[in-house]
Amino acid sequence: MPENSVTPAAFEGAVVCLEGVQKIYNAGTPTEAQVLHDISLSLMRGDFTAVMGPSGSGKSTLLHLIGLLDRPSAGSLKIDGVETNGLSHLEITRLRGHRIGFVFQYHYLIQAFTALENVMMPMLGAAGFPNAAMRERARWLIDQVELGPWVNRLANELSGGQQQRVALARALAMNPALLLADEPTGNLDSRSADAIFALLQRFNTAEGTTVLFVTHNAALASRCRSRINVIDGRLTSG
Amino acid sequence: MNHSWLPFEWIVAMRFLRQGRLQTLFILAGIAIGVAVIVFMSAMLTGLRANFIRRVLSAQAHIQLLPPLAITRIQDPADPRAGPVHLAVVQAPPQRRQHIDQWQSLVNELKALPQIRTVSPVASGSALAIRGDASAGVTLIGVVPDQHWRIIHLDEKIVRGHAELTGGDLLIGTDLASDLGVDIADKVRLQVAEGFALVFTVRGIFDLGNRGANKQSVFLTLKNAQALLHIAGAVTSLEVNVEDVDQAQIIAETITQFANVQANSWIKTSAQFFTAIQAQTTANVAIRFFVGLAVALGIASVLVVSVVQRSREIGILRAMGISRAQVLRVFLLQGALLGLGGSILGCLIGTGALLLWQSLMRNPDGTPMVQLFLNTTLFLSTFALGSLTGLGAAVTPAIRAARLDPATAIRA
């Protein structure tokens with residue numbers, strides 16, 4: 001594993017590879033705004049990279065592009081070696097569902113479901129998983145985030161830190177190659193934030209999951225293996 | 001997940017409905033009331049229609065075949081035999097009593113038609129019923145009892161005596177019996193205009209549910225009527241019942257194509273009744289349409305609100321790899337489930353209201369005023385219509401949910 005795999009050029013076998021990516025909103029209109037400028041970046045399997053930068057610098061946009069929630073205005077974006085330009089909506093959805101996990105600042109758990117059910121959700125949506133296997137995997141993940149006793153509690157019966165841990169377990173349900181964490185500790189007290197960060201590290205080490213971790217917390221960023229800064233839509237390595 | 005054997009869409013749709021319990025209950029109540037109105041109206045109007053038809057057809061045949069009308073023929077002025085023709089006024093000829101030509105072979109032809117259930121020959125004409133000093137103008141109806149009772153079911157309308165006709169037996173209506181002051185086994189003299197008369201014994205007194213018919217109709221055997229009317233072996237009409245009463249007019253028209261008769265179906269002779277039925281049916285369709293529309297708008301509005309409320313959840317589902325089609329199906333299913341659930345509840349409420357209405361609306365003799373028709377078809381069609389309405393109403397909200405951009409939804 002390279003010391004810092006944030007490289008300006010494409011890297012063979014990279015989990016994420018961006019080349020000359022730009023994002024322009026409202027292109028061709030008076031309100032046109034270029035949020036990202038010529039971003040090139042490669043993340044390898046097992047990388048744990050912090051993304052820092054002031055608010056409005058384009059961190060979340062970068063994360064949404066890498067997470068295939070949005071499409072670049074220009075440039076190439078490959079996930080696990082698959083060029084995403086030209087993929088259909090359904091192909092993008094499948095790629096996202098199978099290769100990428102998300103954790104956001106807010107947990108976005110579905111309140112009508114229990115912790116276990118929320119974790120099973122991506123597997124249910126993907127279909128084809130035997131019921132017992134789904135349940136077993138979800139149960140194992142819940143145990144990993146140390147919520148075994150709360151497995152059958154509805155999402156709204158859990159504390160903020162517990163909900164975020166369920167969200168992390170859900171993000172890992174499909175055993176993704178890439179985990180995108182958009183300020184997952186932003187709403188948590190320092191103890192819960194540390195717990196979440198420790199879990200991220202554990203999955204990164206144990207499963208080899210590539211983690212891209214957006215944070216304003218310099219202390220947590222310093223504990224990541226590599227760091228990039230986004231300033232005015234441009235990338236600088238830290 | 002207890003229902004994980006179900007497809008993803010079902011699980012999410014049912015949980016979303018269960019989570020918004022109050023919202024779901026209110027819209028279910030709205031749908032149920034709308035469906036109950038539809039069920040109530042439909043069953044009541046079907047019952048009323050069937051009741052009317054039953055009443056109308058219990059005293060008359062579905063089709064009456066009569067001899068062709070006598071018409072005035074104008075000689076063709078171009079015919080050299082006509083000579084000079086000067087026509088100022090052409091009068092319609094008086095209609096003498098006529099007979100159906102070759103009626104027995106016509107009966108055989110009619111019986112061979114699969115649409116025809118019963119054919120009954122009738123010899124009828126006017127007469128005077130006399131008992132002592134009392135007399136009344138009546139219509140003689142000479143019939144073959146076994147055949148004719150299958151058409152008008154007189155045997156079920158006998159209030160005193162029996163519906164048997166042999167030899168010199170006579171069946172008269174309650175009003176005529178009262179006017180003449182006769183009862184069972186009393187003698188009544190029937191005299192036709194030509195002066196010929198026969199004496200009959202009252203065997204039964206009937207009530208056709210119509211004062212005019214009870215006053216005027218007297219039933220006797222076909223042979224006695226033919227003898228009184230001096231039409232030995234002939235009949236003045238053929239009464240026909242068909243398998244499908246709604247097809248009576250079409251069958252009547254078919255008969256006139258191969259037989260030289262006038263064929264009057266009950267549909268033609270009860271045109272006003274049919275107009276009333278048609279008006280009711282139109283009103284019912286309009287009510288059903290607007291109630292259905294209100295239900296559909298109710299479901300749509302609830303689902304639109306649900307989409308807005310759940311946009312973040314939808315966004316995260318999409319981010320987790322749930323496809324647009326799956327999101328679409330989640331909301332379509334919610335609409336269909338609401339429609340089906342509301343329809344089931346509505347059918348129960350509608351049935352309850354109908355039974356209550358039936359128990360309150362009674363004839364003086366305690367029998368229900370209207371026989372209700374609560375059949376499986378009505379309920380199944382209501383369930384199907386309710387589900388389809390729900391499905392249709394959910395299309396717009398479902399498309400809206402499916403088109404939600406996950407990034408925008410999560411940021412919102």
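The values are calculated or read from the model by the stated rules, or taken from the named source; none is laboratory data. Since we're looking at a predicted model, the values are computed, not measured. When we count neighbours, we look across all protein chains shown, and the Cβ atoms used for this are built from the backbone with ideal geometry, even at glycine.
Checked against (1) in contact with a His (Cβ under 7 Å, 6 or more places away or on another chain); (2) at pLDDT 90 or above; (3) aliphatic (A, V, I, L, M), B:ALA407 passes all but a single condition, namely (2). Residues in the range B:133-183 that are more than 28 Å from B:THR118 (Cβ to Cβ), out of contact with any Asp or Glu (no Cβ under 7 Å at 6 or more places or on another chain) and without any contact (Cβ under 8 Å) to a residue 60 or more places away in the chain: B:ASP133, B:SER135, B:SER178, B:ASP179, B:LEU180, B:GLY181, B:VAL182, B:ASP183. The residue that is nearest to A:LEU43 (Cα to Cα), among those in the range A:97-119 that are in a helix (DSSP H, G or I) and either more than 7 Å from chain B (Cβ to nearest Cβ) or modelled with pLDDT of 90 or more (or both), is A:ARG99. Would you mention how many residues in the range A:140-179 are surrounded by 20 or more Cβ atoms within 10 Å (Cβ to Cβ), within 11 Å of chain B (Cβ to nearest Cβ) and over 20 Å from the mean Cα position of the chain (by Cα)? Qualifying residue count for the region: 1.
Taking the condition of being under 30 Å from A:SER60 (Cβ atoms) and surrounded by 15 or more Cβ atoms within 10 Å (Cβ to Cβ), how many residues in the range B:365-404 meet it?
Applying the first criterion (under 30 Å from A:SER60 (Cβ atoms)) to the range B:365-404 yields B:397-404.
So of that shortlist, the ones also surrounded by 15 or more Cβ atoms within 10 Å (Cβ to Cβ) come out as B:397-402, B:404.
Final tally of qualifying residues: 7.
Checking each residue in the range B:169-200 for being farther than 13 Å from B:ILE130 by Cβ and surrounded by 15 or more Cβ atoms within 10 Å (Cβ to Cβ) picks out B:ASP169, B:LEU171, B:GLY173, B:THR174, B:ASP175, B:ALA177.
Look at A:ARG137 and say whether it is in a helix (DSSP H, G or I) and at the interface with chain B (Cβ under 10 Å from one of its Cβ atoms). In short, no. Quick check: is even one residue across the range A:120-139 polar (S, T, N, Q) and more than 30 Å from B:THR24 (Cβ to Cβ)? No, the range A:120-139 contains no residue that is polar (S, T, N, Q) and more than 30 Å from B:THR24 (Cβ to Cβ).
Output the residues belonging to the range B:123-138 that are over 14 Å from B:ASP175 (Cα atoms) and among the polar types (S, T, N, Q). Result: B:SER124, B:SER126. Evaluating B:THR24 against the criteria (1) farther than 30 Å from B:GLN358 by Cβ; (2) touching a helix residue (DSSP H, G or I) at 6+ places or on another chain (Cβ under 6 Å); (3) modelled with pLDDT of 90 or more leaves one unmet condition, (3).
A single entry from A:LEU68, A:LEU63, A:LEU36, A:LEU77 fulfils the requirement of being outside any strand (DSSP E or B), out of contact with any Asp or Glu (no Cβ under 7 Å at 6 or more places or on another chain) and modelled with pLDDT of 90 or more: A:LEU68.
Conditions (1) in a helix (DSSP H, G or I); (2) outside the structural domain of B:LEU128 (by TED's automatic domain parsing), marked per residue:
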{"residue": "B:ALA177", "(1), (2)": "yes, no"}
{"residue": "B:ALA193", "(1), (2)": "no, no"}
{"residue": "B:THR201", "(1), (2)": "no, no"}
{"residue": "B:LEU220", "(1), (2)": "no, no"}
{"residue": "B:GLN226", "(1), (2)": "yes, no"}
{"residue": "B:ALA232", "(1), (2)": "no, no"}
{"residue": "B:VAL240", "(1), (2)": "no, no"}
{"residue": "B:GLN249", "(1), (2)": "yes, no"}
{"residue": "B:LYS268", "(1), (2)": "yes, yes"}
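Contact map, the range B:257-276: residues that are within 14 Å of B:GLU239 (Cα to Cα) paired with residues that are part of a helix (DSSP H, G or I) and of a type in the set (S, T, N, Q), Cβ distance under 7 Å, separation 6+ or inter-chain. Pairs shown: B:ALA263/B:THR256; B:SER265/B:GLN249.
Can you tell me which residue in the range B:143-168 is surrounded by the most Cβ atoms within 10 Å (Cβ to Cβ), limited to those that are of a type in the set (Gly, Ala, Ser) and more than 20 Å from B:GLY209 (Cβ to Cβ)? So, considering only residues that are of a type in the set (Gly, Ala, Ser) and more than 20 Å from B:GLY209 (Cβ to Cβ), the one surrounded by the most Cβ atoms within 10 Å (Cβ to Cβ) is B:GLY168. Checked against (1) touching a helix residue (DSSP H, G or I) at 6+ places or on another chain (Cβ under 7 Å); (2) farther than 19 Å from A:VAL119 by Cα, A:ALA169 passes all but condition (2).
Taking first residues from the range A:225-238 that are under 13 Å from A:VAL214 (Cα atoms) and partners that are at pLDDT 90 or above and in a strand (DSSP E or B), the Cβ contacts under 7 Å between residues at least 6 apart in sequence or on separate chains come to A:SER226/A:THR49; A:ARG227/A:THR49; A:ARG227/A:ALA50; A:ARG227/A:MET52; A:ILE228/A:THR49; A:ILE228/A:VAL51; A:ASN229/A:MET52; A:VAL230/A:VAL51.
Mind checking which residues of the range B:370-385 are under 17 Å from the mean Cα position of the chain (by Cα) and free of Cβ contacts under 8 Å to residues at least 12 places away in the same chain? Before you say what the answer is, go through the steps one by one.
Start the filter on the range B:370-385 by keeping residues that are under 17 Å from the mean Cα position of the chain (by Cα), which leaves B:370-375, B:377-378.
Passing the criteria: B:ASN375, B:THR377.
Every test in (1) within 14 Å of chain A (Cβ to nearest Cβ); (2) surrounded by fewer than 22 Cβ atoms within 10 Å (Cβ to Cβ) is passed by B:ILE316 save one, and that test is (2). Looking only at the range A:81-91, residues that are within 14 Å of chain B (Cβ to nearest Cβ) and either touching a residue at least 60 places away in the same chain (Cβ under 8 Å) or hydroxyl-bearing (Ser, Thr, Tyr) (or both) come to 1 in all. Condition check for B:PHE373 on (1) part of a helix (DSSP H, G or I); (2) of a type outside the set (Ser, Thr, Tyr); (3) out of contact with any Lys or Arg (no Cβ under 8 Å at 6 or more places or on another chain): one failure, at (1).
Take the conditions (1) surrounded by 23 or more Cβ atoms within 10 Å (Cβ to Cβ); (2) part of a loop (DSSP other than H, G, I, E, B); A:GLY186 misses just one of them, which is (1).
Applying the criterion of being among the aliphatic types (A, V, I, L, M) and either closer than 20 Å to B:GLU9 by Cβ or outside the structural domain of B:ALA13 (by TED's automatic domain parsing) (or both) to the residues of the range B:331-350, the residue that is surrounded by the fewest Cβ atoms within 10 Å (Cβ to Cβ) is B:LEU340.
In the set B:LEU355, B:LEU328, only one residue is surrounded by fewer than 21 Cβ atoms within 10 Å (Cβ to Cβ), within 14 Å of chain A (Cβ to nearest Cβ) and farther than 24 Å from B:LEU25 by Cβ; that residue is B:LEU328. The one condition from (1) farther than 22 Å from A:THR185 by Cα; (2) touching a helix residue (DSSP H, G or I) at 6+ places or on another chain (Cβ under 6 Å); (3) more than 13 Å from chain B (Cβ to nearest Cβ) that A:ALA50 does not meet is (1).
Being closer than 25 Å to A:MET44 by Cβ and touching a strand residue (DSSP E or B) at 6+ places or on another chain (Cβ under 8 Å) is a condition met by no residue of the range A:159-166. Beta carbons closer than 9 Å, at least 6 apart along the sequence or on distinct chains, pair a first residue in the range B:7-29 that is under 17 Å from B:ALA401 (Cβ atoms) and more than 10 Å from every other protein chain (Cβ to nearest Cβ) with a second that is surrounded by fewer than 19 Cβ atoms within 10 Å (Cβ to Cβ) and of a type in the set (A, V, I, L, M) for B:GLN23/B:VAL305. Would you check if A:THR49 is part of a helix (DSSP H, G or I), touching a residue at least 24 places away in the same chain (Cβ under 8 Å) and not acidic (Asp, Glu)? Taking the combined requirement at face value, the residue does not satisfy it.
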